[in-house]
Amino acid sequence: MRYYILVFLSFFGILFLPAQASEDDTGKELDLNSIMSIAEKNSPLLTAIHSDLESLFYKRRQEGKTQNPSVYIDYGQRKAADESGAEYALQIEQPVYFPGRKELKQLLVDNDSKIKEVQQIEAFNSIRLSSIKFAYRYLVAADKKNHVKERLKRLSLIESYIKARPFFTPQAKTDLFIIETKILALRKHFNDLELGAAKDYESLNLYLRQEFTPNLKIPYFKSGVKFDRKDLEKKAVSQNPSILAAKGELDKARTELRLANLEKYPDYSITSQIGEDKSGVANRFYDFGLKFRIPVWDQFQNKVASAETNMKSKQDRLTYQENLIQTSFNQAFLEYEQSKTNLKLYDLAQLDRIDRDLNFADMEFKRGRIQLISYLELENQLHETHHAVLDAQISHLESLLNLLYITNEKDILGVMGNASQTFEYQPK
């Protein structure tokens, strides 16, 4: 009997294991490092760019290959001095690039590779920064939603308290109308926040591709990072992906101009022929020669002029990108500094004060020491303050990420680690 019980329990345990694993998956906890790692791993864009680079690698090898020779075989009959005979010949032609042309074609592929590498760096940073941004947006949206849910519970209790009064006076009836209208508006607000949180999660899950909603273990900010503006500005101008890509395009245009200038110097072919003519007096022959085009009618002036104009265009685009990034950096730095001011103005300690003030208002209203209008006004002001605290958090985070994107900062977590953070305030 004991044996059968043990077998049954073992079988039951095996059936229970998959369900237990599923529950563990639903409670998966992700920090900032995990979020970025998963986003990079799940990105088809990075895989596509890697494939593009691999394709350019093979293209460069192909450009370095020597051209294949051409073989011409001729056979026929010839009659000379009333005597017929066979004639045959074998001709071999080996095309040869003009010196420097093959190297320039390889350099052109290298230019494309450098541009693609810049795109890869930009994609890496964009994916990392975007995954962090949407993680915070979802965290804040969930926090706002939970706060409004608590407000609805609180106001529903006040509604029940008013209805439970022994004497339902006109004042009490008016108060009831006010509180019911307030609850209706809050339910609409809650629905909007719930929709916003769901949309933010979908944006986040574009990068995470999680089957179950993860538990985000990411900090709020107590203060920001102090940057040296001049050093950051130099980094923005020298490392920004848009500027690096524009420089790559300019280098490619220079290579194309060098290739265009070589067009008037044609490639040539080394030819060799061997044959025999058996008509009349039999004779064998062998010759060796050089074959090339003569640039008489077309010296490719238009192609050179086109390449020169293209290079000037790329130079102007680089100048434009430098000016644009300079302006974008100045705006981003001002926005970040302002976000730090708002972060200090609406500090996280306000959340504790909101809870204390709401508890005080609840107690005093039930004791009849404050009127409903005053209670609702205070409750609404505290609600707006709660949202302002969370908005200050997300504004600071997004302005910081924007600054890191402009400067092409790769050590994102290292920079964010220099800010004062806390895990004390998390959505429940």
ILE274 - accessible surface, heavy atoms, 1.4 Å probe, Å² rounded to 10
90
So which chymotrypsin sites (Phe, Trp or Tyr not before Pro) in the stretch 129-238 are both in a DSSP loop and have at most 16 other Cβ atoms within 10 Å of their Cβ?
PHE167, PHE168, PHE212
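Could you sort SER203, SER269, SER55 by accessible area so the largest value comes first, with the probe set to 1.4 Å? All intermediate terms of the calculation are to be shown ahead of the outcome.
Values: SER203 40, SER269 15, SER55 70 Å².
Largest accessible area first, the residues go SER55, SER203, SER269.
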Membrane-span-like helices in the chain: DSSP H runs reaching 20 Å or more (Cα, own axis), mean Kyte hydropathy at least 0.0?
2-26, 372-406
How many percent of DSSP beta bridges within the chain run antiparallel, rounded to 5?
95
Loop-resident trypsin sites (Lys or Arg not before Pro) in the stretch 173-224 with no more than 14 other Cβ atoms inside 10 Å, DSSP not H/G/I/E/B, are ARG209, LYS217
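Looking at the stretch 158-237, which GluC sites (Glu not before Pro) are in a loop (DSSP not H, G, I, E or B) and have at most 11 other Cβ atoms within 10 Å?
Values: sites: GLU159, GLU180, GLU194, GLU202, GLU211, GLU233; in loops: GLU211.
Those that pass, being in a loop and sparsely packed, are GLU211.
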Using +1 at the Cβ of each Lys and Arg and -1 at the Cβ of each Asp and Glu in the stretch 168-281, identify which of LEU186, LEU206, SER272 lies farthest towards the dipole's positive end.
LEU186
Go through LYS145/LYS182; LYS28/LYS222; LYS116/LYS235 and tell me which ones have a Cα-Cα distance over 19 Å in this structure.
LYS28/LYS222; LYS116/LYS235
Restraint check, LYS114/LYS314; LYS102/LYS252; LYS247/LYS312; LYS230/LYS314, Cα-Cα greater than 18 Å:
LYS230/LYS314
The stretch 299-351 versus the stretch 113-179: alpha-carbon centroid distance in Å:
34
Which aspartates and glutamates have a Cα less than 14 Å from the Cα of LYS234, not counting those fewer than 8 places away in the same chain?
GLU322, GLU409
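Roughly how many Å² is the accessible area per residue of the stretch 29-165, as a whole number, for a 1.4 Å probe?
Values: 7610 Å² over 137 residues.
Dividing the accessible area of the stretch 29-165 by its residue count gives 56 Å².
What value, in deg cm²/dmol to 500, does the helix sum -39500 (n - 2.57) over DSSP H runs of n ≥ 4 give at 222 nm once divided by the residues of the chain? List each step's numbers first, then the result.
Values: 11 runs with 293 residues, N = 428.
Helix contribution divided over all residues of the chain: -24500 deg cm²/dmol.
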Please report the carbon-and-sulfur percent of the accessible area for the stretch 112-153; probe 1.4 Å, protein heavy atoms only, DNA, RNA and ligands left out.
45
Please list, or write none, the aspartates and glutamates whose alpha carbon is within less than 16 Å of the alpha carbon of LYS65, excluding same-chain residues fewer than 8 places away.
GLU103, ASP110, ASP267
Just one of (1) 54; (2) 19; (3) 30 is percent of Cα pairs over 39 Å apart calculated from these coordinates, so which is it?
(1)
Return the sequence-ordered ³J(HN,Hα) values of the stretch 288-299 in whole Hz as given by the Karplus equation 6.51 cos²θ - 1.76 cosθ + 1.60 applied to θ = phi - 60°, using x for Gly and Pro.
9, x, 10, 10, 7, 7, 9, x, 8, 8, 10, 9
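Carbon and sulfur atoms: what percent of the 1.4 Å accessible area of the stretch 249-403 do they account for?
Working: 4760 of 9180 Å².
Result for the stretch 249-403: 52 percent of the exposed heavy-atom area is carbon or sulfur.
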Report the Cα centroid-to-centroid distance between the stretch 353-377 and the stretch 218-272 in angstrom, as an integer.
62
For LYS410, counting only aspartates and glutamates whose alpha-carbon sits under 20 Å away and dropping same-chain residues fewer than eight positions off, the answer is ASP31, GLU40, GLU117, GLU122, ASP228, ASP231, GLU233, GLU398
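The values are calculated or read from the model by the stated rules, or taken from the named source; none is laboratory data. Just so it is clear, the structure is predicted and the values come from calculations on it, not from any experiment. All Cβ positions, glycine included, derive from the backbone under ideal geometry; neighbour counts span all protein chains shown. SASA here: full protein model, heavy atoms, side chains in, ligands and nucleic acids out. Shrake-Rupley method; radii C 1.70, N 1.55, O 1.52, S 1.80 Å.
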